[in-house]
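All remarks here apply to the structure that follows.
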Amino acid sequence: MATFNETANVYFGDQALREAMPMMKKLGTKALIVTGQHVAASSMMEDLKNLLCEFGFGYFVYDEIAGEPTVDMIEKGIKEYNDGGCDFCIGIGGGSPMDSAKAISFFVKNAGLIVSYNGTKLTGSRTGVVCIPTTAGTGSETTKFVVITDTESGVKMLLKGDVLIPDIAVINPSYTKGAPKSITAATGMDALTHAVEAYTSKKAMPLTDPLAIDAVKKIMKYLPEAYENPYDYEARSAMAVAAFEAGVCINNSSVTLVHGMSRPIGAMFHVSHGLSNAMLLKDCLSFALDGAFERFADLGRAVGVAKESDSDVAIAEKFISAIQELCAIIEIPTLREYGIDSGTFLELRDKMAFDALVSGSPANTRKPVTIEDMKKIYKRVIEE
Ligand SMILES: [Zn+2]
């Protein structure tokens, strides 16, 4: 049986934050604002603080989410929440602050070590949580997933459970304007990976298929524009919609091989999530292709790379070429160009392949994936 879930209250557009305030009243009276230092010093944060005051909320700012969240960052956030007398959370920023807010909202209500929840389905209660994305990428504002790195074991833990789906998403595309090119590229490729993986996943479903196709079309068209012209509202708006759609897709249809293999690279070599996905995309999709020619061909037709006389196989291959071209336009580096030492990478590939398999994501690919297959793909990618 397949169920379909997404964030229940989604506010979109330039006035989204103001419009969300009455609904936020239902969550609590004092917010822990979870963010990073860059957003903490931005005009977006000023907007948020001003509106919270205008609507009679108290708040406390926890701005120590530096990069992708670790167990330590979440534990500190739980302490700040309790010390500050907060009763709900607001995550504002990219995927990391949003994931952190979701995790804090859960762990303030649930005892036990964070690592003990790895691999389990999170259930139970949490405090209210609002997500405000300032990048177009992870879709965390609508997903049941949180990724937290356990620095002790070097594992990026994927925590999941419907309880982690935020109560409110506030999407104002203007908040993504002016993001640096490298962030636009990496987060945009994360969203593309979500849409492609969900559409070609074993768990793909009729309710997510149209969203996945629309997201892929929008990203292939608008990511280069958002990359070249960071203040182009049309491009930023299309990317914000696509990232949300792609988030809904993975929430219900899951990711597959790329995400499975990407998390260990992030944990071992500190490559950002979207970038490690982008670096793996061509080789993982090429591997997955013969399990789902028809599905990949659908995507190729949607983005306009197909001729009428082409076979599904030919269109699927053209789709992968189009993704490669996109990666070139937005200057995605190879692992070696990024500065990763191939000797160290190859030494760690057994552990990475094992961690990828254990995450469960590769098993959603529409063909069997073994540890040996993943070791071969890691080798191919580091040799490029
Ligand atoms: Zn992702």
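Distance distribution note for the range 65-137: the fraction of Cα pairs above 13 angstrom is 64%.
Between the amide H of residue 9 and those of 169, distances stay under 5 Å, these residues lying 5 or more places away or on another chain, with hydrogens modeled in the peptide plane.
Here the Karplus curve 6.51 cos²θ - 1.76 cosθ + 1.60, taken at θ = phi - 60°, turns the phi angles of the range 346-354 into couplings of 5, 4, 8, 5, 5, 5, 5, 5, 5 Hz, with x standing for Gly and Pro.
Counting only residues at least eight positions apart within a chain, or on another chain, the lysines with an alpha carbon under 28 Å from that of residue 30 are 49, 76, 79, 102, 109, 144, 160. Given a 1.4 Å probe and the protein chains as shown, residue 3 ends up with an accessible area of around 80 Å².
Near residue 268, once Lys and Arg are set to +1 and Asp and Glu to -1 for all other residues with Cβ below 11 Å from its Cβ, the sum equals +2. At a probe radius of 1.4 angstrom, the accessible area of the range 302-346 per residue rounds to 54 square angstrom. Number of Lys-Lys pairs in the range 231-384 with C-alpha atoms under 15 Å apart and a separation of 8 or more places or on different chains: 7. Here the Karplus curve 6.51 cos²θ - 1.76 cosθ + 1.60, taken at θ = phi - 60°, turns the phi angles of the range 282-293 into couplings of 4, 5, 5, 5, 4, 5, 6, 3, 6, x, 7, 3 Hz, with x standing for Gly and Pro. If you look at the Cα atoms of the range 9-176, you get an Rg and a Dmax of 14.5, 45 Å. Relative contact order for the range 181-382: 27 percent, from Cα pairs under 8 Å spaced at least 6 residues apart, divided by residue count. Under the simplified labelling scheme, the residue 151-residue 125 pair shows an inter-label distance of 3.3 nm, with each label point 7 Å from Cα along Cα→Cβ.
All other residues whose Cβ lies under 12 angstrom from that of residue 211 are scored, Lys and Arg at +1 and Asp and Glu at -1, for a net of -2. Modelled label positions at residue 231 and residue 72, each set 7 Å beyond Cα in the direction of Cβ, lie 3.9 nm from each other. Atom-type composition of the exposed protein surface of the chain places 52 percent of the accessible area on carbon and sulfur (1.4 angstrom probe).
A Förster radius of 41 Å, combined with the Cβ-Cβ distance separating residue 209 from residue 30, puts the computed FRET efficiency at roughly 0.50. Each other residue within a Cβ distance under 10 Å of residue 181 adds +1 if Lys or Arg and -1 if Asp or Glu, for a net charge of -2.
Computed over the range 9-176, relative contact order equals 27 percent, with contacts defined as Cα pairs under 8 Å that lie 6+ residues apart.
Calculation over all alpha carbon pairs of the chain in 10 angstrom steps from 0 returns a P(r) of 5, 25, 35, 25, 9, 1, 0 percent. Full extension of the chain between residue 341 and residue 270 yields a length gain of 24.3 nm, computed as 0.36 nm times the residue separation minus the alpha carbon distance. Look at the alpha carbon pairs under 8 Å that are at least 6 residues apart: their mean separation over the length of the chain gives a relative contact order of 15 percent. Close amide H partners of residue 134, meaning residues 5 or more places away or on another chain with modelled amide H under 5 Å apart, are 93, 94. Note that the range 209-221 has calculated 3J(HN,Hα) couplings of 3, x, 5, 5, 5, 5, 4, 4, 4, 4, 5, 4, 7 Hz, one per residue in order, obtained from phi through the Karplus relation 6.51 cos²θ - 1.76 cosθ + 1.60 (θ = phi - 60°); glycine and proline are x. Modelled this way, with points 7 Å down the Cα-to-C-beta line, the labels at residue 12 and residue 182 are 3.1 nm from one another.
Restriction of the chymotrypsin sites (Phe, Trp or Tyr not before Pro) in the range 35-79 to DSSP coil positions whose beta-carbon has at most 16 other beta-carbons within 10 angstrom yields 55.
Using the 1.4 Å probe convention, the accessible area of the range 9-176 works out to 38 Å² per residue with neighbouring protein chains retained.
The values are calculated or read from the model by the stated rules, or taken from the named source; none is laboratory data. Computed from a predicted structure; not experimentally measured. Every residue, glycine as well, gets a Cβ built from its backbone with ideal geometry; the counts of neighbours run over all protein chains shown. To get the accessible areas, we keep the full protein, side chains included, count just its heavy atoms, and leave off ligands, DNA and RNA. Shrake-Rupley method; radii C 1.70, N 1.55, O 1.52, S 1.80 Å.
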